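Let me begin by presenting the structure, written as structure tokens, before commenting on it.
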Amino acid sequence: MNTLSPIKPQASSLPGDALAADASGRPVLIGCICKSCGNRMFPFAPVCPVCMSEDVAREPMPREGTLYSFTVVHVGPTTWEKPFAVGYVDLSNGVRVFSHLRGSELQIGQPVELAIAEIGKNAEGAAIITSVFQQEKA
């Protein structure tokens with residue numbers, strides 16, 4: 001497994017400890033796996049919702065997934081860029097993640113990959129940074 005390191009927090013970073021960087025600097029979501037039943041989850045949960053075990057360990061999630069569902073939001077927080085897309089991404093390990101999305105032609109069933117993006121600016125003008133899934137580059 002690649003060594004993961006925390007991504008340096010920005011003035012307004014939304015993901016917190018749910019995001020790290022792999023050895024090449026690419027973003028990786030940090031979820032968990034239940035050591036009792038094998039259930040995988042994102043974000044990290046201290047108790048497995050399947051078997052109620054507290055024997056869970058942090059685990060990096062796959063960077064690629066398939067867009068399951070999405071919507072475009074036209075009204076949102078005043079500091080966020082609008083319109084913006086959010087939706088569910090199915091990862092190859094069975095985890096479904098709710099995320100901001102980037103891409104001009106999103107389609108259900110298309111492959112997407114994890115990235116980091118600015119989604120707006122806070123009241124002081126600093127970038128609000130979060131993880132996003134975007135259309136895979138051809």
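The values are calculated or read from the model by the stated rules, or taken from the named source; none is laboratory data. Bear in mind the structure is a predicted one, so any value in this text is a computation, not a measurement. So basically every Cβ, Gly included, is an ideal-geometry build from the backbone, and we count neighbours across all protein chains shown. With ligands, DNA and RNA removed, areas are computed over all heavy atoms of the protein, side chains included. Shrake-Rupley method; radii C 1.70, N 1.55, O 1.52, S 1.80 Å.
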When you count, for each residue, the other Cβ atoms within 10 Å and take the mean per peptide, how do 116-123, 71-78 rank with the highest first?
116-123, 71-78
Integer Hz, Karplus 6.51/-1.76/1.60 couplings in order for the stretch 113-125, x for Gly and Pro
9, 6, 8, 10, 8, 7, 10, x, 9, 6, 4, 8, x
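Let me spell out the model: positive unit charges on the Cβ of Lys and Arg, negative unit charges on the Cβ of Asp and Glu, origin at the Cα centre of the chain. What dipole size does that give, in debye rounded to 20?
So the dipole magnitude of the chain works out to roughly 40 debye.
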May I ask you to evaluate 6.51 cos²θ - 1.76 cosθ + 1.60, the Karplus curve with θ = phi - 60°, for each residue of the stretch 51-58 and list the ³J(HN,Hα) values in order in whole Hz, giving x for glycine and proline?
10, 6, 6, 9, 8, 10, 10, 5
For the stretch 46-138, one quarter of the surface area of the C-alpha convex hull, expressed in nm², comes to 7.8 nm²
Between 126, 20, 85, which gets the highest mean-square fluctuation from a Gaussian network model of the chain, Cα cutoff 10 Å?
126
With every protein chain kept in place and a 1.4 Å probe, the residues 90, 17, 22, 55 fall, from largest accessible area down, as 17, 55, 90, 22
Can you tell which of 98, 38, 21 lies farthest toward the positive end of the dipole of the stretch 7-110, using +1 and -1 charges on the Cβ of basic and acidic side chains (Lys, Arg; Asp, Glu)?
21
Taking only Cα atoms and a 10 Å spring cutoff, compute GNM fluctuations for the chain and point out the largest among 31, 125, 87.
125
Which whole-number percent gives the relative contact order of the stretch 32-138, counting Cα pairs below 8 Å spaced six or more residues apart?
21 percent
